[in-house]
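Asker: Structure incoming, see below.
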Amino acid sequence: MLNPEAPVAADPLDAPAGAGSPPFLAFQDVVIEYGRGANATLAVDGISLDVADGDFVALVGPSGCGKSTLLKVAAGLVPTSSGTVLLGGETVTRPQKNVGMAFQSATMLPWRTTLRNVLLPLQIVRPHRSKFRREKAANIKKAEALLASVGLRGVGSKYPWQLSGGMQQRASLCRALIHEPEILLLDEPFGALDAFTREELWQVLQQLWQEKKPTVLLVTHDLREAIYLANRVVVMSARPGRIVHEERIDFPRPRRLSMMFSAEAGAIMERLRGKIDHVSLFGDEAAAGEP
Amino acid sequence: MTIERIRPFFSVIFAVVVLGLWELGVRLFNVSIFILPAPSQFFGSLIENWHGIMFHAEQTMYTTVIGFAIGVTLGGILGVAAGASRSVYQTIYPALVGFYSVPKVALVPIFVIWFGSGTVPAVLTSAVICIFPVMVNVAAGVATTEKDLEDVLRSLGASMLETLWYVVIPRSAPYFFASLKVAITLSFVGTVISETVAANRGIGTMMVRASADFDVPLVFAGLFLLAAMGIVMYAFFAVIEGRVVGWTKRDVDFAT
């Protein structure tokens with residue numbers, strides 16, 4: 001369900017993905033407030049967004065627009081003030097088992113080796129946890145294969161602090177994927193990396209997504225990242241966060257980095273950039289236009 | 001021979017030099033044995049009275065270790081509780097600070113009234129004295145655990161206890177081990193205080209009796225033995241610390 005008041009993009013292909021089938025992840029009029037009473041701050045104001053099964057949606061917006069909070073709501077880490085979030089048809093009230101999450105910092109546990117960090121979800125998430133010991137050899141094999149697939153062959157025995165930031169972030173992607181979640185929630189996972197490493201990891205992520213086809217919701221402030229990776233880019237306004245624009249990205253996959261230099265990509269980028277500028281300069285005006 | 005290779009022995013060389021200067025000074029200035037015995041004199045006393053001293057040392061060691069174990073357990077539990085819950089912290093902290101400010105020697109007579117003289121008051125004093133440093137450290141470790149790391153666990157649907165077990169406790173382990181090294185040395189203090197007040201066995205008792213007999217070399221032998229036991233226990237926990245929480249030092253040796 002698109003926000004009916006959201007400006008319609010010039011792109012004729014701009015239509016909600018998976019229209020017709022029920023969405024896998026659905027935000028319905030989600031409002032998030034911090035604090036209570038007079039001191040309450042409205043962080044997110046009436047977000048409705050559907051993400052189809054297997055889709056790749058990027059959420060972009062200025063910092064402080066509540067996009068990360070929205071992701072945490074989807075993960076069940078933060079409650080909504082009003083409105084509901086549905087995941088696989090069920091209301092999210094607490095963390096779900098079929099969710100994989102990666103954060104801006106790699107958040108590796110420094111006392112565990114990289115391999116044991118990647119294995120962590122299998123020790124926690126049902127039903128894997130009950131057979132973790134029994135299937136230890138198989139689990140380790142799986143983790144090592146996953147590490148190899150992101151270019152980390154043979155580093156399993158190293159501690160996270162012995163790896164570079166980019167390597168840690170790769171490992172953190174592996175950790176988000178090891179328990180084969182149906183949905184990946186990525187909170188600016190490449191934000192802290194240098195440009196070249198970031199581009200490399202875009203390719204890694206695209207490949208992982210193409211292989212396993214999880215539903216992905218990616219929060220980022222990098223428009224290029226959103227355009228390169230996502231099927232749909234959703235633009236949020238400055239606080240309080242509202243959806244002001246949505247764009248469908250239809251470049252064929254696997255996408256190449258050179259695609260980013262095409263005129264088409266440039267046009268999309270400019271359009272998205274315009275929306276964000278518009279929103280941050282005339283945020284109140286845009287808000288006044290909404291119901 | 002490079003300086004790297006002898007560095008581990010610096011501490012030993014230092015101790016030998018200090019004892020040597022001490023010996024030299026005492027002999028040079030002809031200091032009375034009743035004021036300050038020379039190392040040779042109290043080492044002599046140590047060897048001469050070895051069996052008697054060991055009888056007392058065993059008691060002190062045993063009492064200290066039990067008291068330490070009790071104190072560390074309580075301190076650890078209180079520390080996790082105080083670090084994890086603001087309510088617990090605000091409820092118990094002022095009381096514990098007050099309790100810890102009481103000189104431990106003042107508690108011994110009370111323990112003696114309750115439990116008689118001997119081992120029990122010594123164990124309790126030794127326990128009481130090390131609760132606080134362990135608790136404060138563990139609470140600091142728990143309270144400073146990165147929210148991000150907890151979120152990793154929570155996002156996987158981990159319960160509070162699992163988050164505690166997989167993140168909070170390992171994350172606090174370095175603080176815990178740092179406090180153990182302080183606590184074990186304090187524990188000896190607690191034991192010896194209690195032994196000097198009310199006991200008939202232990203290094204503290206031995207030293208009080210020796211000083212009453214003006215056997216100053218034996219008093220110093222007792223001091224020396226306490227120092228040695230403290231160093232041994234400290235080193236023991238330092239080694240365990242290196243094994244368990246070597247990751248904090250980002251130590252290459254730990255990883256390989």
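Asker: Can you find a residue in the stretch B:202-215 that is of a type in the set (Lys, Arg) and without any contact (Cβ under 8 Å) to a residue 60 or more places away in the chain?
Answerer: Yes; the residues of the stretch B:202-215 include at least one that is of a type in the set (Lys, Arg) and without any contact (Cβ under 8 Å) to a residue 60 or more places away in the chain.
Asker: Related question: Does A:Leu152 satisfy the criteria of being in contact (Cβ under 8 Å) with a residue 12 or more places away in the chain and either within 12 Å of chain B (Cβ to nearest Cβ) or within 28 Å of B:Glu241 (Cβ to Cβ) (or both)?
Answerer: no
Asker: Please return the ranges of strands (runs of 3 or more DSSP E) entirely within the stretch A:42-110 where 2 or more residues are more than 10 Å from chain B (Cβ to nearest Cβ). So that I can check it myself, show each step before the final result.
Answerer: Values: elements: A:56-60, A:82-87, A:99-102.
Where strands (runs of 3 or more DSSP E) fall fully within the stretch A:42-110 and carry at least 2 residues being more than 10 Å from chain B (Cβ to nearest Cβ), they are A:56-60, A:82-87.
Asker: Here's a follow-up. What's the total number of residues in the stretch B:109-162 that are within 14 Å of another protein chain (Cβ to nearest Cβ), in contact with a Ser or Thr (Cβ under 8 Å, 6 or more places away or on another chain) and polar (S, T, N, Q)?
Answerer: The first filter runs over the stretch B:109-162 and keeps only residues within 14 Å of another protein chain (Cβ to nearest Cβ), leaving B:141, B:144-162.
Then keep just the ones that are in contact with a Ser or Thr (Cβ under 8 Å, 6 or more places away or on another chain); that gives B:141, B:145-146, B:148-154.
Subsequent filtering for residues that are polar (S, T, N, Q) retains B:145.
Qualifying residue count for the region: 1.
Asker: Go through the stretch A:51-74 and report how many residues are farther than 23 Å from A:Ala238 by Cβ and crowded, with 19+ Cβ neighbours inside 10 Å.
Answerer: Within the stretch A:51-74, residues that are farther than 23 Å from A:Ala238 by Cβ and crowded, with 19+ Cβ neighbours inside 10 Å number 3.
Asker: Just to be sure, is A:Lys158 among the basic types (Lys, Arg), within 14 Å of chain B (Cβ to nearest Cβ), open to solvent by 70 Å² or more (accessible area, probe 1.4 Å) and within 25 Å of A:Gln207 (Cα to Cα)?
Answerer: The answer is yes for A:Lys158.
Asker: Filter the stretch A:186-214 down to residues that are in contact (Cβ under 8 Å) with a residue 60 or more places away in the chain and farther than 27 Å from A:Glu135 by Cα and give me whichever is nearest to the other protein chains (Cβ to nearest Cβ).
Answerer: So, considering only residues that are in contact (Cβ under 8 Å) with a residue 60 or more places away in the chain and farther than 27 Å from A:Glu135 by Cα, the one nearest to the other protein chains (Cβ to nearest Cβ) is A:Asp187.
Asker: Considering only residues that are modelled with pLDDT under 90 and either hydrophobic (A, V, I, L, M, F, W, C) or not in a loop (DSSP other than H, G, I, E, B) (or both), which ones fall in the stretch A:7-25? Steps first, please.
Answerer: We begin by selecting, within the stretch A:7-25, every residue modelled with pLDDT under 90; these are A:7-24.
A:Val8, A:Ala9, A:Ala10, A:Leu13, A:Ala15, A:Ala17, A:Ala19, A:Phe24, listed by residue number.
Asker: Which residues, counting only those in the stretch A:178-203, are among the hydrophobic types (A, V, I, L, M, F, W, C) and closer than 14 Å to A:Leu218 by Cβ?
Answerer: Within the stretch A:178-203, A:Ile183, A:Leu184, A:Leu185, A:Leu186, A:Phe190, A:Leu201, A:Trp202 meet the criteria.
Asker: Right, another one. So which of B:Ser155, B:Ser187 ends up being open to solvent by less than 50 Å² (accessible area, probe 1.4 Å), touching a residue at least 60 places away in the same chain (Cβ under 8 Å) and of a type outside the set (A, V, I, L, M)?
Answerer: Result: B:Ser187 is the single residue among B:Ser155, B:Ser187 that is open to solvent by less than 50 Å² (accessible area, probe 1.4 Å), touching a residue at least 60 places away in the same chain (Cβ under 8 Å) and of a type outside the set (A, V, I, L, M).
Asker: Quick one: would you say A:Gln168 is open to solvent by 30 Å² or more (accessible area, probe 1.4 Å) and closer than 15 Å to A:Gln104 by Cβ?
Answerer: Yes, satisfied.
The values are calculated or read from the model by the stated rules, or taken from the named source; none is laboratory data. The model shown is predicted, which means the values in this text are computed figures rather than measured ones. We place every Cβ from the backbone using ideal geometry, glycine too, and count neighbours over all the protein chains shown. With ligands, DNA and RNA removed, areas are computed over all heavy atoms of the protein, side chains included. Shrake-Rupley method; radii C 1.70, N 1.55, O 1.52, S 1.80 Å.
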